[in-house]
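Below is one structure; the comments refer to it alone.
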Amino acid sequence: MIRVVADGAYAKKEFLKPVQSLGMIVVCRLRRDAALWLLPPVRRPGQNGRGRPRIYGSDRISLAKRAGHRCGWTYEEFLLYGGKVVKRYKPFLATWKPVGV
């Protein structure tokens, strides 16, 4: 698995779609007002719903509110620009329309 770490300027559909089609994972900074959505509900086997299954969840995620909560932050050591640095981040799953997932 190849991971691509990029600046926030690369968080655009024109860059993300081809990289995603190659099976790579992109890690980058998002804008504070990025329109992230919860994951769609999972259909159980044999469950027949009307219409096409949802791609995006029904509720929008507020990054400012999520960052304001003290819970869920993780610290990890990264190699940046040739030196080791401890960074704080908050992992979570979401869908984002420019990526389509």
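The values are calculated or read from the model by the stated rules, or taken from the named source; none is laboratory data. Please read all numbers here as calculations on a predicted model, not as lab measurements. Using ideal geometry, Cβ is built from the backbone for each residue, glycine included, and neighbour counts are taken over all protein chains shown.
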Open item on the list: Being modelled with pLDDT under 85 and either surrounded by fewer than 12 Cβ atoms within 10 Å (Cβ to Cβ) or of a type in the set (Gly, Ala, Ser) (or both) is the requirement here; does residue 100 meet it?
Closed with: yes
Open item on the list: So residue 64 passes all but one of these: (1) within 17 Å of the chain's Cα centre (by Cα); (2) more than 20 Å from residue 9 (Cα to Cα); (3) exposed (fewer than 10 other Cβ atoms within 10 Å of the Cβ). Which condition number does it fail?
Closed with: (2)
Task: Residue list for segment 17-61, filter: polar (S, T, N, Q), surrounded by fewer than 14 Cβ atoms within 10 Å (Cβ to Cβ) and not assigned by TED's automatic domain parsing to the domain that holds residue 97 - done: 21, 47, 48
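Yes/no per residue for (1) modelled with pLDDT of 85 or more; (2) in contact with a Ser or Thr (Cβ under 8 Å, 6 or more places away or on another chain); (3) within 15 Å of residue 95 (Cα to Cα):
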residue	(1), (2), (3)
38	yes, yes, yes
45	no, no, no
51	no, no, no
60	yes, no, yes
71	yes, no, no
Task: Qualifying position, being out of contact with any Ser or Thr (no Cβ under 8 Å at 6 or more places or on another chain) and among the hydroxyl-bearing types (Ser, Thr, Tyr), among 56, 81 - done: 81
Task: Qualifying residues in segment 1-37 (those that are in a strand (DSSP E or B) and in contact with a Gly (Cβ under 7 Å, 6 or more places away or on another chain)) - the one nearest to residue 60 (Cα to Cα) - done: 37
- [ ] Would you confirm whether any residue within segment 8-16 is of a type in the set (Gly, Ala, Ser), surrounded by fewer than 10 Cβ atoms within 10 Å (Cβ to Cβ) and closer than 22 Å to residue 80 by Cβ?
- [x] yes
